[in-house]
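The structure appears below as structure tokens.
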Amino acid sequence: MVPTKVEHVPLASEADAFLQAWRAHPESDPPSEADCKVRLKEIAKEIEETGLYTHKPRELEFGARLAWKNSNRCIGRHLWRSLEVRDYRLVHTDSNREGQTIEALTSHVNNAYRDGKIKSIISVFAPRTPGQPDPIRMANHQLIRYAGFRETGDPSSRAITAHFRQAGWRPEKQDDFTLLPWQFYWDEKPGYVHDVLAEQPDLAKEVLLEHPEIAAFAGLELKWYALPVLADMALKIGGVVYPFAPFNGYYMGTEIGARNLADADRYNRLPEVAKCLGINASNERTLWRDRALIELNRAVLYSFDKAGITVGDHHNLGAQFEAFCAHETGKKREVKGDWSWLNPPLSGPQTPQFHREYDNTVCSHTNFFYQAPAWQQAKPSTGCPFHL
Ligand code: ARG
């Protein structure tokens with residue numbers, strides 16, 4: 001069940017709630033009660049003068065990590081304390097802001113990829129001042145993502161692909177795996193369209209899919225990129241909204257094998273996988289979809305492993321998430337969760353998540369939120385608690 005929308009809470013109260021949440025994590029060296037009192041006075045003064053308050057570096061670091069920990073839909077949260085937090089809050093004031101931002105993001109992608117041993121990083125850009133346009137945002141959903149054309153590519157990228165083409169993008173090729181360009185929005189006005197990934201082919205690492213036993217599988221010419229870097233969610237820490245704060249984790253294989261390449265409204269590749277593997281697809285009761293799905297997911301895990309690139313599987317990640325919940329419960333900090341997302345799209349009942357219930361209350365002061373795309377004119381609020 002989707003919880004109801006929380007009421008609007010004043011910024012100073014959300015700052016208070018954030019500091020209290022920090023204090024519930026003594027392992028993270030929180031400020032003392034006395035320090036918090038002093039800090040909250042300072043925060044109240046700054047809000048009165050500017051409409052906003054400025055996070056200290058340690059608040060930004062713990063806050064971004066806590067926002068991840070509070071992300072009800074994420075199965076990978078046991079790693080929350082390892083998140084590397086990069087501070088780019090002033091980059092938009094640089095005279096070469098486009099170039100500096102591209103440099104920050106290419107560094108993020110390279111360092112997060114780390115020769116295949118993927119590291120979680122978040123790059124935090126300027127916060128929103130209430131009542132003012134957002135200093136910086138990006139059009140892209142992820143830093144690395146395939147375009148969607150009429151007949152080819154990722155159907156979920158069709159709208160943004162049309163947007164880029166209107167903005168002047170002329171891709172060198174239009175196939176199933178054409179990487180999208182980057183575009184920033186400055187004070188909610190569009191910047192240039194940069195074909196960074198086409199110009200630097202080494203930046204977006206991709207994995208060609210092979211099957212551990214069936215050589216012909218490679219002939220399907222399926223692939224996916226190694227690094228998911230979400231670029232369109234808002235980070236909120238103690239009430240302060242960072243509309244552009246791209247972050248990455250590593251993939252769980254099913255995201256690629258059971259959704260991106262398999263969903264009928266995405267790449268829809270199960271029929272050809274079944275054909276290639278000689279699976280009888282003459283009627284639904286042969287369970288050809290299920291069989292093809294398993295083999296496609298085996299190919300994803302096998303190929304990432306072979307390339308030496310970090311990828312999770314739903315069994316190990318499920319067990320790690322369950323251990324994380326148990327550890328937090330022991331600390332009297334119950335982990336919130338969204339059951340429908342914590343269950344993998346394959347073999348749910350074989351993971352601990354299926355057999356549990358989760359409280360799906362959304363922590364509103366510090367979290368990641370969906371927001372309308374930067375390139376969409378109207379920005380209606382949906383009333384959904386996962387939405388800003
Ligand atoms: N499901 C999205 C995709 O397939 C990525 C979401 C974030 N995933 C992650 N493992 N951090 O591209």
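Odds and ends about this structure:
- All Cα-Cα distances of segment 34-152, cut into 10 Å bins from zero to the largest, leave 10, 31, 36, 18, 3, 1, 0 percent in each bin in turn.
- Segment 224-354: proportion of alpha-carbon pairs further apart than 24 angstrom, %: 44
- Computed over segment 106-205, the P(r) tail beyond 22 angstrom holds 38 percent of alpha carbon pairs.
- For V229, distant residues with modelled amide H under 5 Å away: L143, I144
- Summing Lys and Arg as +1 and Asp and Glu as -1 over all other residues whose Cβ lies under 12 Å from the Cβ of R97 gives a net charge of -4.
- Residues in segment 347-362 reached by a label modelled at T329 [backbone nitrogen below 17 Å; 7 Å Cα→Cβ]: 351-361
- Phi angles of segment 116-131 translate, via the Karplus equation with coefficients 6.51, -1.76, 1.60 and θ = phi - 60°, into HN-Hα couplings of x, 8, 5, 10, 7, 9, 10, 10, 9, 9, 4, x, 7, 9, x, x Hz per residue; Gly and Pro are given as x.
- Binning the alpha carbon pair distances of the chain at 20 angstrom intervals from zero yields the distribution 26, 57, 16, 1, expressed in whole percent.
- In percent, rounded to a whole number, the relative contact order of segment 149-228 is 19, using alpha-carbon pairs under 8 Å and six or more apart.
- With Rh defined as the Kirkwood radius, the inverse of the mean 1/r over Cα pairs, the Rg/Rh of segment 157-306 is 1.04.
- Highest-fluctuation residue, D115, D263, D35 considered, GNM on the chain with Cα pairs under 10 Å: D35
- The GluC sites (Glu not before Pro) of segment 10-60 include none that meets both criteria, a DSSP state outside H, G, I, E and B (loop) and at most 16 other C-beta atoms within 10 angstrom of the site's C-beta.
- Contact order normalised by residue count of segment 20-145, Cα under 8 Å, 6+ apart, percent: 20
- About the Cα centre, charge dipole magnitude for the chain (Lys/Arg +1, Asp/Glu -1 at Cβ), debye: 380
- Applying the Karplus relation 6.51 cos²θ - 1.76 cosθ + 1.60 with θ = phi - 60° to segment 193-206 yields 3J(HN,Hα) values of 9, 10, 8, 4, 6, 6, 6, 10, x, 7, 5, 8, 7, 10 Hz, where x marks Gly and Pro.
- Gap separating the Cα centres of segment 20-47 and segment 299-347, nearest whole Å: 32
- Karplus-derived HN-Hα couplings along segment 17-31 (A = 6.51, B = -1.76, C = 1.60, θ = phi - 60°), whole Hz, x at Gly and Pro: 4, 5, 5, 5, 4, 4, 5, 7, 10, x, 5, 9, 6, x, x
- Using a probe radius of 1.4 angstrom, the carbon and sulfur fraction of the accessible surface of segment 136-231 is 48%.
- Shown here for segment 314-388: GluC sites (Glu not before Pro) in loop regions (DSSP other than H, G, I, E, B) with at most 11 other Cβ atoms within 10 Å, namely E357.
- Helix-only [θ]222 nm of the chain, DSSP H runs n ≥ 4, -39500 (n - 2.57) each, per residue, nearest 500: -10000 deg cm²/dmol
- Kirkwood-type hydrodynamic radius, segment 60-126: 13.0 Å, calculated from all non-identical alpha-carbon pairs.
- Bridge type composition, the chain - antiparallel percent by DSSP, nearest 5: 80
- Those residues of segment 123-143 whose amide nitrogen sits under 12 Å from the label point placed on A159, 7 Å along Cα→Cβ: 141
- With every protein chain in place, segment 309-353: carbon and sulfur % of accessible area (1.4 Å): 56
- Segment 113-191 - accessible surface per residue (Å², probe 1.4 Å): 44
- Whichever lysines have a C-alpha closer than 17 Å to that of K306, once near sequence neighbours (fewer than 8 apart) are set aside: K117, K205, K223
- Under 21 Å of direct C-alpha separation, and excluding same-chain neighbours fewer than eight residues apart, K236 reaches these lysines: K5, K41, K45, K56, K69, K336, K379.
- Bins of 5 Å, starting at 0 and running to the largest distance - Cα pair percent for segment 211-269: 4, 14, 16, 19, 16, 11, 8, 6, 3, 2, 1
- Trypsin sites (Lys or Arg not before Pro) restricted to segment 134-179 and DSSP loop, no more than 16 other C-beta within 10 Å: R150, K173
The values are calculated or read from the model by the stated rules, or taken from the named source; none is laboratory data. Keep in mind the model is a prediction, meaning the values are calculated, not measured. Note that each Cβ is placed from the backbone with ideal geometry, even for glycine, and that neighbours are counted across all protein chains shown. Surface accessibility is based on the protein's heavy atoms, side chains included, excluding ligands, DNA and RNA. Shrake-Rupley method; radii C 1.70, N 1.55, O 1.52, S 1.80 Å.
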